[in-house]
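Engineer: Please find one structure pasted underneath; my questions will follow.
Quick note: the coordinates plus some simple rules give every number you see, no bench work behind them. Keep in mind that this is a model prediction, so the values were computed, not measured. Using ideal geometry, Cβ is built from the backbone for each residue, glycine included, and neighbour counts are taken over all protein chains shown.
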Amino acid sequence: MERLHKISKVIDVFVFAATTLAIAGVFYEGMTQKWYDFVGILVVCMDYSFMPATIIHLIVDRKEKIVWFHVFSMVIILIAIIMKIAGMAYPAITLVLWYFYIWFLYGLLNIKNIFGK
């Protein structure tokens, strides 16, 4: 379990960095009013690192209060997968909220990892 806890700390840094770059990329696209292929790659890195990180945190943080954020994340992931399979479009505001939710959550987890409990 200790090894999984150490892995989660590394993943937290990666998810936070990927989310920061994805948000910056989307912001840059909005500023230039152009589509850049690398921004899509950044968003995919963010999303596909967030999913396993959530599963790992459900295991590692199961006895802590913050586990409820990971449960919420898992529910939202499942809803997004169902919407994708059903062919439903995501409203633009939900994507913005999603990016910032991940950014703030993993920023909080990194602060917790650096400064302790």
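Engineer: Between Ser73, Ile59, Trp35, whose Cα lies farthest towards the positive end of the dipole of the chain when Lys and Arg beta carbons carry +1 and Asp and Glu beta carbons carry -1, centred on the Cα centre?
Structural biologist: In the chain, that residue is Ile59.
Engineer: Hey, what's the Cα Rg ratio for the chain versus the globular rule of thumb, 2.2 N^0.38 Å? Present the calculation step by step, with values, prior to reporting the outcome.
Structural biologist: On the way: Rg = 14.9 Å, N = 117, 2.2 N^0.38 = 13.4 Å.
Its radius of gyration relative to the 2.2 N^0.38 Å reference: 1.11.
Engineer: While we're looking at this one, here's another question. Taking Cα atoms, how many degrees apart are the long axis of helix 67-86 and the longest axis of the chain, rounded to 10 and kept between 0 and 90?
Structural biologist: Long axis of 67-86 versus the principal axis of the chain: about 30 degrees.
Engineer: Next up: Please get the size of the charge dipole for the chain, origin at its Cα centre, with Cβ charges of +1 on Lys and Arg and -1 on Asp and Glu, quoted in debye to the nearest 20.
Structural biologist: Using only the charged Cβ atoms, the result is roughly 400 debye.
Engineer: Mean 1/r over all different Cα pairs, inverted: what Kirkwood radius does region 1-62 give, in Å?
Structural biologist: With all distinct Cα pairs of region 1-62 included, I get 12.5 Å.
Engineer: Any idea what angle helix 2-32 forms with the longest principal axis of the chain, computed on alpha-carbon atoms, 0 to 90 degrees, nearest 10?
Structural biologist: Roughly 20 degrees, rounded to the nearest 10.
Engineer: Lysine pairs in the chain 8 or more apart or on different chains: how many have alpha carbons under 18 angstrom apart?
Structural biologist: Eligible lysine pairs with Cα atoms under 18 Å apart amount to 11.
Engineer: Test of understanding: what is the full-extension gain from Val44 to Leu97, defined as 0.36 nm times their sequence separation minus their Cα-Cα distance? Don't skip to the end; give the middle numbers.
Structural biologist: Values: separation 53, 0.36 × 53 = 19.08 nm, distance 1.63 nm.
Computed gain between Val44 and Leu97 is 17.5 nm.
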